[in-house]
1. Using the per-residue mean of other Cβ atoms lying within 10 Å as a proxy for protection, in what order, highest first, do the peptides 114-126, 218-230 fall?
2. Please work out the C-alpha center-to-center distance from the range 31-67 to the range 191-215 and express it in whole Å.
3. Please compute the Kirkwood hydrodynamic radius over the range 1-83, one decimal place, Å, based on all pairs of different Cα atoms.
4. Give me, ordered by chain and number, the residues 5 or more places off T91 or on other chains with an amide H under 5 Å from its own placed amide H.
5. Relative contact order for the chain using alpha-carbon pairs under 8 Å, separation at least 6, rounded to a whole percent?
6. If you stretched the chain out fully between A254 and K202, how much longer would it get, using 0.36 nm times the residue separation minus the C-alpha to C-alpha distance?
7. Fully extended, how many nm does the chain gain between Y168 and E80 (0.36 nm per residue separation, minus their Cα-Cα distance)?
8. When only C-alpha pairs under 8 Å and at least 6 residues apart count, what is the relative contact order of the range 36-121, in percent?
Amino acid sequence: MVSRAMWKGQLRLSLVSIGVELFSATRSNARTSFRQIHKPSGKPVHYEKIVDGIGPIKEDDIVKGYELDDGKYVLLQPSEVDAVKLETKKTLELVQFVETCDIPPLYFDKPYYLVPSDDLAEHAYQVVRDALRATGKTGLGQLAMRGREYLAAVRPCGDGLLLETLRYVDEIRSADPMFAGIPTREADKELLDVATALIERKTAPFDAAAFKDHYEDALKALVKRKMKGKKIDIDEEEERRPSSGGNVVDLMAALKKSLEGSGKPSRPAASGRRKSA
């Protein structure tokens, strides 16, 4: 079942406009989730919107408020917020193109599938997709969605286009304070050679299907056992036991041993034709 489009508008490249729709590329219900339950009654816990000194309030009485330095608020009505006009509200214009590898990974936020809205849009959509693929470029633009303006990167993905929202520069913390205490000197060449050989030995094409979420599998197995009324044994002594091994190791010996025991990473059987991005 195809999900509902999160955004509909025009993808614009100079004077060319293409009708497109945006769909989330990820599933929020793929992971096991839990509700908070009132243990004595077994009923779910609900949350009410409450104001200090007043108690529960109606949804219609809630407006947006911008907090000032003195603790007071500037109140905004929904109609006032909606009245803010943005050129990007229904248009995503590709205003710049960059090498995909030039965008640092920490800027990427969330992926979406960008698809043509109808048959008339398909031809121009395919031209843009193939031009991006031929040049190896990613298009940058901005669009308004869910009450805010997003910086977006558009690039080919299989037979279509992938749009990834990007964080703005003021949302990124500087790495300098985090890495300040790490030595900048070059690693020992002999150690580096062995580590490089180990990395090369374990290099293979990316395939997400090769990795399983073991914690998720364990949670599902736990729920199934509880549903069958089975007792869950918890080894509390094992949980309290500190991990064995010290921090001081012979790095060269450990790397060489790892290299000797490693082979080419295994690849799962293909489950169908894989399309490269």
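None of the figures in this text is laboratory data; all of them are computed from the coordinates on show. This one's a predicted model, so the numbers in the text were calculated from it and none came from an experiment. All Cβ positions, even for glycine, are placed from backbone atoms using ideal geometry, and neighbour counts span all protein chains on display.
1. Output ranking for 114-126, 218-230: 114-126, 218-230.
2. The two parts, judged by their Cα centres, are 45 Å apart.
3. Numbers: mean 1/r = 0.0534 Å⁻¹.
Result for the range 1-83 stands at 18.7 Å.
4. Here Q10, A144 satisfy the definition.
5. 17 percent
6. 17.1 nm is the gain from fully extending A254 to K202.
7. On the way: separation 88, 0.36 × 88 = 31.68 nm, distance 2.48 nm.
The span from Y168 to E80 would gain 29.2 nm if fully extended.
8. Averaging sequence separation for qualifying contacts and normalising by length gives 10 percent for the range 36-121.
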